[in-house]
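Derivation of every value follows stated rules applied to the coordinates shown; laboratory data play no part. Owing to the predicted nature of the structure, the values given are computational and were not obtained by experimental measurement. Cβ atoms come from the backbone with ideal geometry, glycine included; neighbour counts cover every protein chain shown.
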Amino acid sequence: MKFKMITATSVAVLLSANVLAAAPVEEAGTGSAVALSSSALSSSNLSIEQRIERLERMIQARNQVQLDMQNQVEELSDSMSTMVGQIEQNNYQIEQMIERQREIYQELDRRFAQVQTSATTTQATAVATPTAVGEDQAYDAAVALVMQDKNYDAAIPAFETFISDFPKSSYAPNAHYWLGQLQYTRGQRAEASQQFNTVVNDYPQSNKVAESLLKLGIIAQFQNNNEEAKNLFTRVVEEHPNSAAAGLAKNRLAQF
């Protein structure tokens with residue numbers, strides 16, 4: 001029994017000694033592990049820094065690409081705006097040319113019909129009073145300045161003089177319209193509006209009313225008075241549906 005106790009005590013002492021002897025080795029092993037972990041961590045940190053630097057370069061490159069693309073989009077947008085404005089201006093000029101040619105043909109037809117009517121009358125009836133002859137000559141001369149001579153600057157005072165000298169002439173509504181058209185072409189929109197309003201208000205039966213309403217609507221558009229422009233274009237379509245001006249008014253209304 002005593003032998004067994006001595007043996008157990010000896011084993012315990014030996015185990016304690018082994019544990020105490022192994023302690024430095026374990027601590028030494030732990031130190032080596034810490035040193036190895038520090039080295040790996042340092043290596044890992046260096047790799048992360050490299051990755052961060054690479055990501056920063058990629059982000060900078062992406063930002064530069066986005067900036068270049070944004071600049072290109074803005075340049076394209078400016079170019080498109082310029083092209084759209086030029087197209088609208090060209091369309092308007094073409095529209096004006098077509099309308100002017102139509103007016104010229106209408107005027108020529110009217111004058112040709114007048115000449116034919118005069119040719120069928122008797123010589124006594126064809127002889128006009130000096131005032132009537134002066135009226136015809138004055139109007140024909142003003143129209144010729146527009147259609148033949150293309151002298152628009154001289155045509156303006158010619159129509160103004162005609163209106164002043166022959167305010168009750170049957171040519172008066174046409175004279176007001178032509179005068180308004182010439183002023184409008186020169187950019188005198190306020191003066192042109194006055195002439196077109198005279199045609200609309202004082203000569204409601206004139207065949208120039210539809211064109212005058214159309215011109216008043218276009219002038220309102222230039223003045224950014226879109227509601228007034230819509231009302232005027234609508235009047236052209238509703239009150240003069242069979243006129244050439246109605247087609248142009250519909251195109252204008254479609255733009256709103």
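Each residue of segment 193-209 is assigned a 3J(HN,Hα), and the resulting list reads 4, 4, 5, 5, 5, 4, 4, 5, 8, 9, 10, x, 8, 6, 6, 9, 5 Hz, derived from the Karplus form 6.51 cos²θ - 1.76 cosθ + 1.60 (θ = phi - 60°), x at Gly and Pro.
Given the peptides 196-208, 71-83, arrange them by the average over their residues of other C-beta atoms within 10 Å, most packed first.
Taking the mean over residues of other Cβ atoms within 10 Å, the ranking is 196-208, 71-83.
Other residues whose C-beta falls under 10 angstrom from the C-beta of Q221 contribute a net charge of +1, scoring Lys and Arg +1 and Asp and Glu -1.
Per-peptide packing, taken as the mean over residues of other Cβ atoms within 10 Å, places 165-178, 143-156 in the sequence 165-178, 143-156 from highest down. Of the peptides 217-223, 56-62, the order by per-residue mean of other Cβ atoms within 10 Å, starting with the highest, comes out as 217-223, 56-62. With contacts taken as Cα pairs under 8 Å at a separation of at least 6 residues, segment 128-254 carries a relative contact order of 14 percent. Computed from phi, the 3J(HN,Hα) profile of segment 135-142 under the Karplus parametrisation 6.51, -1.76, 1.60 (θ = phi - 60°) reads 5, 4, 5, 5, 5, 4, 5, 5 Hz, with x in place of Gly and Pro.
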